[in-house]
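Engineer: A single structure is presented below for examination.
What follows draws every value from the coordinates through simple rules; no lab data is involved. Please read these numbers as outputs of a predicted model, since none were measured by experiment. Note that we place each Cβ from the backbone using ideal geometry, even for glycine, and neighbour counts take in every protein chain shown.
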Amino acid sequence: MSYDYEDPFFAGRSALVTGSGKGIGRAITKQLHILGAQVYAISRTQSDLESLASECPGILTYCLDLSDWKKTEDVVKTLPPLDCLVNNAGVTSLESFLETKAESFERVMKTNVQSVLNVSQVVAKHMIKRGAHGSIVNVSSVASTRALNLHTSYCASKAALDSLTRSMALELGPHKIRVNSVNPTVVMTDMGKLAWSDPDKSEPILNRIPLGKFVEVEDVVNAILFLLSDRSSMINGVHLPIEGGLFVS
């Protein structure tokens, strides 16, 4: 995997990435580190953090279940001043609408929405206290606006996340803190490749994408880097679709 993105903005800056253990979160953590940022990584899987730290000497890792409001708040409050935040952590629950359980819905909403509110509140308050400009990117999904079979909780959580993103952008903008989301379709993480390897499942979707392919991890990473950087200094409150034109027709 290679990236052509270079930006001096990240040298000497600090960034927190949630859900850093795998997939998009791991990739953005590694790239921010390469670009010179001091990165703080949160994951609920210690082994993932240990391997990440060995690949990126100098990053600081925290094993944490973001669904625990108080513990999350306590940990994030201990972090040094931050310039960037990527709220990437997310879970799903494969249940039909009629079979969606209260505990499943609560778990998805706590991780995908409540944790973003919690972490972002702490980080934004510190930014405001310092009078620092900042950028926050929330990792959402096209599922925020399109229903997916067996994804009731997930779709609802991403719709709520987009709404939260707009509220954050409105209220934090006057403090020079920008908030945006990226909204990809199927991403070819290791999990994505396994889930969409069956042509009978993937081809109907691929046939609707003008570019004829699913999203690669680096496509999402480069979009996040752009939104974090000064190159997007007048972009605020946007939900950036990354879907190859899936919904143009």
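Engineer: For the chain, build the charge dipole from Cβ charges (+1 Lys, Arg; -1 Asp, Glu) around the Cα centre, then report which of Leu211, Leu52, Trp69 sits farthest towards its positive end.
Structural biologist: Most positive-ward Cα: Trp69.
Engineer: Quick one: Ile34, Ile209, Ile42, fewest Cβ neighbours within 10 Å first, how do they rank?
Structural biologist: Details: Ile34 14, Ile209 18, Ile42 28.
Least crowded to most crowded, the residues run Ile34, Ile209, Ile42.
Engineer: Helix 46-55 versus the longest principal axis of the chain: what angle, 0 to 90°, nearest 10, using Cα atoms?
Structural biologist: Between helix and principal axis, roughly 70 degrees.
Engineer: How big is the range 171-249 by Rg and Dmax over its Cα atoms, in Å?
Structural biologist: Cα only, the range 171-249: 15.2, 49 Å (Rg, Dmax).
Engineer: Can you check how the C-alpha radius of gyration of the range 101-168 compares to 2.2 N^0.38 Å, as a plain ratio? Present the calculation step by step, with values, prior to reporting the outcome.
Structural biologist: Numbers: Rg = 13.8 Å, N = 68, 2.2 N^0.38 = 10.9 Å.
Computed over Cα atoms of the range 101-168, the ratio equals 1.26.
Engineer: Can you tell me the mean projection area, over all orientations, of the convex hull of the range 9-53's alpha carbons? Units nm², please. Don't jump to the answer; show the numbers that get you there.
Structural biologist: Numbers: hull surface 10.7 nm².
If I average the Cα hull's projected area over directions, I get 2.7 nm².
Engineer: How much length would be gained if the chain were fully extended between Lys193 and Glu171, taking 0.36 nm per residue of separation minus their Cα-Cα distance, in nm to one decimal? Intermediate results must be reported in sequence, preceding the final value.
Structural biologist: Values: separation 22, 0.36 × 22 = 7.92 nm, distance 3.81 nm.
My answer for the length gained is 4.1 nm.
Engineer: Enumerate the amide H contacts of Asp83 below 5 Å, restricted to partners 5 or more residues apart or on another chain; note that Pro and chain-start residues carry no placed amide H.
Structural biologist: Ser14, Ala15
Engineer: Tell me the angle of helix 23-34 to the major Cα principal axis of the chain, expressed in degrees between 0 and 90 and rounded to the nearest ten.
Structural biologist: Tilt of helix 23-34: around 30 degrees.
Engineer: A further question follows. Starting with the fewest neighbours, write out Asp198, Asp219 ranked by other beta-carbon atoms found within 10 Å of each beta-carbon. Provide the component values of the computation, followed by the final result.
Structural biologist: Values: Asp198 9, Asp219 19.
Ranking Asp198, Asp219 by Cβ neighbours within 10 Å, fewest first, gives Asp198, Asp219.
Engineer: Loop only per DSSP, at most 10 neighbouring Cβ atoms within 10 Å: give me the trypsin sites (Lys or Arg not before Pro) in the range 123-183, ordered by residue number.
Structural biologist: On the way: sites: Lys125, Lys129, Arg130, Arg146, Lys158, Arg166, Lys176, Arg178; in loops: Arg146, Lys176.
In loop regions of the range 123-183 (DSSP not H, G, I, E or B), there are no sparsely surrounded trypsin sites (Lys or Arg not before Pro).
Engineer: What is the magnitude of the charge dipole of the chain about its Cα centre, with +1 placed on the Cβ of each Lys and Arg, -1 on the Cβ of each Asp and Glu, and no other charges, expressed in debye to the nearest 20? Numbers along the way, then the final one.
Structural biologist: Details: 24 positive and 26 negative charges, 149 e Å.
Approximately 720 debye in magnitude.
Engineer: Would you order Cys63, Cys56, Cys84, Cys155 from fewest to most other beta-carbon atoms within 10 Å of each residue's own beta-carbon? Please report the intermediate quantities before stating the final value.
Structural biologist: Details: Cys63 16, Cys56 19, Cys84 25, Cys155 22.
Neighbour counts put them in this order, fewest first: Cys63, Cys56, Cys155, Cys84.
Engineer: Now for a different question. Which of Gly21, Gly58, Gly90 ends up with the largest GNM mean-square fluctuation for the chain, with Cα atoms connected below 10 Å?
Structural biologist: With Cα springs under 10 Å in the chain, the top fluctuation among Gly21, Gly58, Gly90 is at Gly58.
Engineer: Quick one: of Lys110/Lys158; Lys77/Lys158; Lys30/Lys70; Lys125/Lys176; Lys71/Lys101, which pairs are farther than 22 Å apart, Cα to Cα?
Structural biologist: Numbers: Lys110/Lys158 12 Å; Lys77/Lys158 26 Å; Lys30/Lys70 28 Å; Lys125/Lys176 12 Å; Lys71/Lys101 25 Å.
Where the Cα-Cα span goes over 22 Å, the pairs concerned are Lys77/Lys158; Lys30/Lys70; Lys71/Lys101.
Engineer: Now a separate question. Within 15 Å, Cβ to Cβ, of Leu172, how many net charges do the neighbouring residues add up to if Lys/Arg are +1 and Asp/Glu are -1? Please list the in-between numbers first.
Structural biologist: On the way: positive: Lys125, Lys129, Arg130, Arg166, Lys176, Arg178; negative: Asp83, Glu171.
Residues near Leu172 contribute +4 overall.
Engineer: Averaged over all directions, how much area does the convex hull of the C-alpha atoms of the range 1-108 cover when projected, in nm²? It would help to have the intermediate numbers written out before the result.
Structural biologist: Values: hull surface 33.0 nm².
Computing the convex hull of the Cα atoms and averaging its projections yields 8.3 nm².
Engineer: Rg over Rh of the chain, using C-alpha atoms and the Kirkwood radius, what does it come to? The partial results should precede the final answer.
Structural biologist: Working: Rg = 17.4 Å, Rh = 18.3 Å.
We get a ratio of 0.95 for the chain.
Engineer: Calculate the spin-label point distance for Gln46 paired with Arg130, positioning each point 7 Å from the Cα along the beta-carbon direction, and give it in nanometres.
Structural biologist: 3.0
Engineer: Would you calculate the convex hull of the Cα atoms in the range 121-224 and tell me its volume per residue in Å³? Provide the component values of the computation, followed by the final result.
Structural biologist: Numbers: hull volume 12.9 nm³, N = 104.
Cα convex hull per residue, to the nearest whole number: 124 Å³.
Engineer: For the range 75-86, what does the Karplus curve 6.51 cos²θ - 1.76 cosθ + 1.60, with θ = phi - 60°, yield as ³J(HN,Hα) per residue in whole Hz, taken in order and with x for Gly and Pro?
Structural biologist: Taking θ as phi minus 60°, the curve returns 5, 5, 5, 7, 6, x, x, 10, 9, 9, 9, 10 Hz for the range 75-86.
Engineer: Once the other residues with Cβ under 14 Å from the Cβ of Arg44 are scored (Lys, Arg +1; Asp, Glu -1), what is the net sum? Mind dumping the intermediate values first?
Structural biologist: Working: positive: Lys22, Arg26, Lys71, Arg107, Lys110; negative: Asp48, Glu50, Asp65, Asp68.
That works out to +1.
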